[in-house]
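In what follows, a structure is listed as structure tokens, so that the remarks can point back to it.
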Number of protein chains: 2
Amino acid sequence: MAEPDHETADDVVTAGMVVIGDEILSGRTKDKNIGHVAERLTEVGIDLREVRIVPDIEEMIVEAVNALRARWTHVFTSGGIGPTHDDITADAVAKAFGVGIDHDPRAVAILKARLAGRAEVNEARLRMARIPFGAELIEVPNGMPGFRIGNVHVMAGVPAVLEAMMAAVIPTLKGGRPMISATIDAQRGEGLIATRLGEIQKAHPATVIGSYPYERDGRYATNIVVRARDAAILAAACADVEAMVADVQARNP
Amino acid sequence: MAEPDHETADDVVTAGMVVIGDEILSGRTKDKNIGHVAERLTEVGIDLREVRIVPDIEEMIVEAVNALRARWTHVFTSGGIGPTHDDITADAVAKAFGVGIDHDPRAVAILKARLAGRAEVNEARLRMARIPFGAELIEVPNGMPGFRIGNVHVMAGVPAVLEAMMAAVIPTLKGGRPMISATIDAQRGEGLIATRLGEIQKAHPATVIGSYPYERDGRYATNIVVRARDAAILAAACADVEAMVADVQARNP
């Protein structure tokens, strides 16, 4: 019997994301963090496999964090680490890991340095320095730190701060072999290409072929996106897609 | 012993959403449907409580649909109902409900009417007329129909079509007593208001008070959003928030 395929196991690194916040679920705030996290992960070959958006309710945060950290290589959370009563992510993550939480001397020092000469270190602001025991800080130039515990990275909901945290975190992660992709613009609707595209997908099982319809000047068209981890495999599938598209276009002028 | 509070049970109507699509998880496409569904539901008093984004993998769609339909009053899905091989939502929902699926005569008739004189009814296009047994169609003027089965509403991923489907579905839903909300703009950072805001939240348990920091002209400020289902309860909490904000602003010029 063969050994498990070590290369394949190494190649595929996965992630899940938990977005925390009533304001996203009420529609008041439109999330911008999922797309950013997805793009940064894709660049380094980490496959984002599942996102859950949950309200500011401790048991739902705990449930989502525990479900995703057991299932995926890395987990990222956004939101709920500010100073107000509705910021409960740090406590929920501590609960999910079954560890204590308290003011962290490293985070308190950062808070004091940030506030020095500008504002007092009060109880509410100190709340932002509550970090679960055993966590490492994710430090950023433009905000209070997030933290990493186990495979869970806890980040701010404010997009500029989340982006800084992702920039700090990405170099520390075990990445995978990045997916490379190519887009073929078929100037015809999905209904004309779908059957043959499905056959091409079957003939190239190491690729993932997606089909994204759009309208241009009142006419249906389709972006076909082919993804693979290997350039030769990608090129072979793309050649088949391009030949099929050229043929469909010629037959349906 | 008192009867269960019938009014309260009637007042709270919940929803979950499943977004299906590799293109959202890769970052290639930025989702616009969650915010739209959230806004439309909030308007009619339905609380969106949980969203899951999953890839084009049948078992993950089945798992998410089954988890959410058992938990929330209504479920909405977006994506994966087109004609290509990666459109597997209808089959996955049929599997989740344990029912069969086949070309639906009502959907086939709609397809033929849409294509009449423009294009042939081929195998791929007929795929869009596959509807689980027992489902009702969600008809729209600008696309093929979605469908409702049990408490699950299956909708397109293309935002214009999803929006038309939501417009068709909303009048058919049992809504709740809408949340009403008021926003108070505190011209100070969260660190100055958080402790007293937490006390106000405790004193007004029938409200949900959210705190959303932002920066204006390099100075921190906070939008405080108070939500409740009752106007008098909302007004009482807002009065306390406004008095607190005025006091904090006066003490911290």
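Only the coordinates and a few stated rules stand behind these numbers; no lab work does. Here the structure is a predicted model, which is why all the values come from computation and not from measurement. Here the Cβ is made from the backbone with ideal geometry for all residues, glycine too, and neighbour counts use every protein chain on show.
Using the Kirkwood radius over C-alpha pairs as Rh, can you work out the diffusion coefficient of chain B via Stokes-Einstein at 37 °C, viscosity 0.692 mPa s, in µm² per second? In µm²/s, the coefficient rounds to 158. Between A:Ala119 and A:Asp217, the modelled label-to-label distance comes to 5.5 nm, taking each label 7 Å out from Cα in the direction of the beta carbon. Counting Cβ atoms of other protein chains within 10 Å of each Cβ in B:54-64 and taking the mean gives 2. Relative to the longest principal axis of the Cα atoms of chain A, helix A:33-43 runs at roughly 60 degrees. DSSP assigns beta bridges within chain B; of those with both partners inside it, close to 60 percent run antiparallel. How many lysine pairs are close in the protein assembly as shown, with Cα atoms under 16 Å apart and the two 8 or more places apart or on different chains? Lysine pairs, 8 or more places apart or on different chains, close enough: 4. Based on Cα contacts under 8 Å between residues 6+ apart, the stretch B:6-172 shows a relative contact order of 23 percent. As I understand it, the value is the acute angle between the Cα axis of helix A:231-251 and the longest principal axis of the Cα atoms of chain A; what does it come to in degrees, rounded to 10? Taking Cα atoms only, the helix is inclined about 50 degrees.
Of all DSSP-defined beta bridges confined to the protein assembly as shown, some 60% are antiparallel rather than parallel. Compared with the dominant principal axis of the Cα atoms in chain B, helix B:105-115 is inclined by about 90°. This model, with +1 at the C-beta of Lys and Arg and -1 at the C-beta of Asp and Glu, gives chain B a dipole about its Cα centre of some 380 debye.
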